[in-house]
Amino acid sequence: MLDRQNGQDHAARTAGAPYGRYGQLSDGNDTVQNTAAGMDTAGYAPPAPTHHDVSMAPQPPRNRHSTWEVPDRYEIKQLIGTGSYGSVAESCDLLTGGIVAIKRIHRVFEDLVDCKRILREIALLNRLDHMNVVKILDICVPQRMDKFDELYIVLEIADSDFKKLFRAHVHLSELHVKTLLYNLLLGVRYVHARGILHRDLKPANCLVNQDCTVKICDFGLARTISSGESSGLPDSPRASVEVSTAAAAAAAAASGGSTNGVAPMSIDASDGGAVAGDGGDRSPSPDFPKGRPVKRQLTGHVVTRWYRAPELILLQENYGEAIDVWSIGCVFAELMNMIKENVQFHSDRGPLFPGSSCFPLSPDHRHTTDYRFHSRGNRDQLNMIFSVIGTPCGEDVEALEKEDARRYIRLFEPRPSQSLAARFPASSPSAVDLLSQMLIFSASKRITLERALRHAFLAEVRSPEKESLGQSGQLKVSLPFNDWEPLSEPQLRYCLLREIARHHPEILPSLPPPPPGFRYREE
C-alpha cells in the first residue's frame, strides 16, 4: 500500500492529498486535488523522521540571537503559538536540515500536578517508537541543571490535525477515510500493545500529514496498565499542558494564546471539553478502592466529554482498552462527515455526541428523578449518546458496577437506536457496520482493535508490514518512577533530568544525586 518512490499512502496517491501545510487547502477548492507527488505549491512536505543519535551530537554555544535558550543547531524560524504553558516555534535543525517544532515550557514546577503530567508524557514518548505516534527528537540540556525552570522539547512537526481538518472547506473520499482511520488504529494498537491507555483521543490529538499519515500526540493523561499495584489517582489537572501539542502547533498553534502568522487551534464555547491549555471539563478524580489484582484503578473523567466512553461517564472503576476504541469511533464518525454526500457543507459538520453536561460532574440536580427531563431535549452526554445508539438493554444496565449508575440509566425513557446508514447515506455498509461496533454501550461487547483492523471496511488499505509489531513493539512500558503517587519538586526535577539524559547521555556523570529516599528504577 506504500509508494516507495514518494512515500504516499494508497489513498493519497489515488485521490490526492486533501490538505496542505497548516491545514490549508491545496488551491482553495472544496474538493480534493490530485497531487500525486504529495505536495502542492502552497506548502511543503515535512522531512521524514531521521534516526540520528542526537545524544552524541556536540552541543554548540547557546543561540545569542534569541531569548530561547536552545543550542545553535536549532534556528528559530517563527513563533507559531503562545499560551499559558509557554510558546511553540517552528525551527530548522541545522545538523539534519529538517524542520521541527520546539516547545518552550516555562514555570515547569509552578504546578506539580501539571509538572507530573509533563514528565509522564515525556517519559512515555521517550519509550515509544512507531510511525503513528509522534516522536520526541531531542530535549535541550538546561544551562543550570540544579535550578532550571524551563524545558525545550523538540518534536516532529505535522501539517495539520483532525480538528482543523474537520473545520476545513474540503471533502474526502471514502478511501481517504479508510486510510486515515487505519493509520489511527495502527497507532492506538501499538500504544495498547505497549501497555498504555491513551485516555484522551480526540481530533486535536490526531496529527495528520498530506500523505494521509496520522500521528497520535498528547499523552499527558495516558496511563500504563502493566503493573499489579493498586492506588487512587490524585490527578486533577487545572490546565492541559501536554508537551506533544507542539507537534501540532505548526498546524494549529497552541490553544489559549496568540499566534504569529498561523491560525490557532481555537477554543469554542461549544468545544465539549478541554483542549490543550484551556483547563476544561476535567475534575478531581476520586480515590478508588482496590479492584482487580492485575490492573490499577484508573481515574474516571479523563477523555474530553464528546469522545468519552459510557463506562467513563458512569465512573466505572475497572475500564480498559475499550475506552480508546469508543473515542476512535467518535472520531471515525467525524471522518465520515467529511464525505460530501454525507454532509454537504463544512459548517454543518460536528461531533456525533455534542453533549453540554455530563453525569455525575454536572447533572441537573433539580431533575434527578424526572425521567421525562432526561429524555426530551436534554443535552446530557449520555442522552446525546442514547439518541443515536439507543438505551442499553437490561443486561447491560445490570452489568454496571455501581447502583447509582444503574439508577441514573433507568431515568432515561427507553428508545431504539438511530439508523447510522440513514445518517451517513454515502458511506458503505461496511463503514456503518464498523462504526456501530465501535459505539456499543457495553465495553465487553465493543469491537477490539484487532478485530477492527481485520474488518472488511479496511481490507483495501491494510498492510501486513505496517501491522507487524515485532518483539519490541509488544514489550510493556514500565516507567522508572511511581506514576501513581504525587512527586515532590526535587523528585520531578531529578526525573526530568534523567529523561533529558536519554537524549544526552554525556550529562549523566554531572547529574545531581536523587533526592533522599527517592526510588528511581534504573533501566
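The values are calculated or read from the model by the stated rules, or taken from the named source; none is laboratory data. The model shown is predicted, which means the values in this text are computed figures rather than measured ones. As a convention, Cβ positions derive from the backbone with ideal geometry for all residues, glycine included, and neighbour counts pool all protein chains shown.
Things worth noting here:
- Considering Ser436, Ser427, Ser444, Ser417, the condition of being modelled with pLDDT of 95 or more, buried (at least 20 other Cβ atoms within 10 Å of the Cβ) and under 29 Å from the mean Cα position of the chain (by Cα) is satisfied by Ser427 alone.
- Selection status of Glu174, within 28 Å of Leu449 (Cβ to Cβ), surrounded by fewer than 24 Cβ atoms within 10 Å (Cβ to Cβ) and of a type outside the set (S, T, N, Q): yes
- Here Thr96 fulfils each of the conditions (1) without any contact (Cβ under 8 Å) to a residue 60 or more places away in the chain; (2) crowded, with 18+ Cβ neighbours inside 10 Å; (3) of a type in the set (Ser, Thr, Tyr) apart from (2).
- Glu460 being among the acidic types (Asp, Glu) and either within 23 Å of the chain's Cα centre (by Cα) or farther than 20 Å from Asp138 by Cβ (or both): yes
- Asp161 buried (at least 19 other Cβ atoms within 10 Å of the Cβ), in contact (Cβ under 8 Å) with a residue 40 or more places away in the chain and under 23 Å from Ala501 (Cα atoms): no
- For first residues located in the range 388-401 and farther than 20 Å from Gly355 by Cβ and in contact (Cβ under 8 Å) with a residue 60 or more places away in the chain, partners that are assigned to a loop (DSSP other than H, G, I, E, B) and of a type outside the set (A, V, I, L, M, F, W, C) and lie 6+ apart or on another chain with Cβ distances below 7 Å form the pairs Glu401/Gln316; Glu401/Glu317.
- Condition broken by Asn383, with the remaining ones in (1) surrounded by 19 or more Cβ atoms within 10 Å (Cβ to Cβ); (2) closer than 30 Å to Leu458 by Cα satisfied: (2)
- Here Ala501 meets each of (1) over 17 Å from Lys116 (Cβ atoms); (2) touching a Pro at 6+ places or on another chain (Cβ under 9 Å); (3) of a type outside the set (Ser, Thr, Tyr) with one exception, condition (2).
- Evaluation of Gly187 against (1) touching a residue at least 60 places away in the same chain (Cβ under 8 Å); (2) under 26 Å from His503 (Cβ atoms); (3) not in a loop (DSSP other than H, G, I, E, B) (one fails), failing number: (1)
- Taken together, Thr96, Thr67, Thr82 contain a single residue that is part of a loop (DSSP other than H, G, I, E, B), modelled with pLDDT of 60 or more, within 19 Å of His106 (Cα to Cα) and among the hydroxyl-bearing types (Ser, Thr, Tyr), which is Thr67.
Yes or no, residue by residue, for (1) touching a strand residue (DSSP E or B) at 6+ places or on another chain (Cβ under 9 Å); (2) modelled with pLDDT of 95 or more:
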| residue | (1), (2) |
| --- | --- |
| Leu137 | yes, yes |
| Leu155 | yes, yes |
| Asp159 | yes, no |
| Leu172 | no, yes |
| Leu181 | yes, yes |
| Arg189 | no, yes |
| Ala204 | yes, no |
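- Of all residues in the range 477-512, those satisfying the criterion of being surrounded by fewer than 15 Cβ atoms within 10 Å (Cβ to Cβ) and either free of Cβ contacts under 8 Å to residues at least 12 places away in the same chain or among the acidic types (Asp, Glu) (or both) are Glu485, Glu489, Glu506, Leu508, Pro509.
Here's the yes/no breakdown for (1) in contact with a helix residue (DSSP H, G or I) (Cβ under 9 Å, 6 or more places away or on another chain); (2) at pLDDT 80 or above:
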residue: His367; (1), (2): no, no
residue: Gly377; (1), (2): yes, no
residue: Thr391; (1), (2): yes, yes
residue: Arg407; (1), (2): no, yes
residue: Phe412; (1), (2): yes, yes
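- Some residue of the range 330-342 being at pLDDT 95 or above, over 14 Å from the mean Cα position of the chain (by Cα) and over 21 Å from Tyr182 (Cα atoms): yes
- Residue in the range 456-476 that is part of a helix (DSSP H, G or I), among the aromatic types (Phe, Trp, Tyr) and surrounded by 12 or more Cβ atoms within 10 Å (Cβ to Cβ) present: yes
- Among the residues of the range 310-345, those that are assigned to a loop (DSSP other than H, G, I, E, B) and either within 22 Å of Ser419 (Cβ to Cβ) or without any contact (Cβ under 8 Å) to a residue 12 or more places away in the chain (or both) comprise Asn337, Met338, Ile339, Lys340, Glu341, Asn342, Val343, Gln344, Phe345.
- Count of residues meeting criterion [within 17 Å of Asp149 (Cβ to Cβ), outside any loop (DSSP other than H, G, I, E, B) and polar (S, T, N, Q)] in the range 486-523: 1
- Boolean, Val262 is among the β-branched types (Val, Ile, Thr), in a loop (DSSP other than H, G, I, E, B) and either at pLDDT 50 or above or within 18 Å of the chain's Cα centre (by Cα) (or both): no
- Val191 passes every criterion in (1) more than 12 Å from the chain's Cα centre (by Cα); (2) more than 20 Å from His346 (Cβ to Cβ); (3) surrounded by 24 or more Cβ atoms within 10 Å (Cβ to Cβ); (4) hydrophobic (A, V, I, L, M, F, W, C) apart from (1).
- Test: residue in the range 291-301 that is modelled with pLDDT of 95 or more, more than 25 Å from Glu413 (Cα to Cα) and surrounded by fewer than 20 Cβ atoms within 10 Å (Cβ to Cβ): no
- Qualifying positions in the range 422-450 - touching a helix residue (DSSP H, G or I) at 6+ places or on another chain (Cβ under 6 Å), of a type in the set (A, V, I, L, M) and assigned to a loop (DSSP other than H, G, I, E, B): Leu439, Ala443, Ile447
- Set Ala101, Ala89: member being assigned to a strand (DSSP E or B) and free of Cβ contacts under 8 Å to residues at least 40 places away in the same chain: Ala89
- When Phe359 is tested against (1) modelled with pLDDT of 95 or more; (2) within 20 Å of Ser442 (Cα to Cα), just one condition goes unmet, and that condition is (1).
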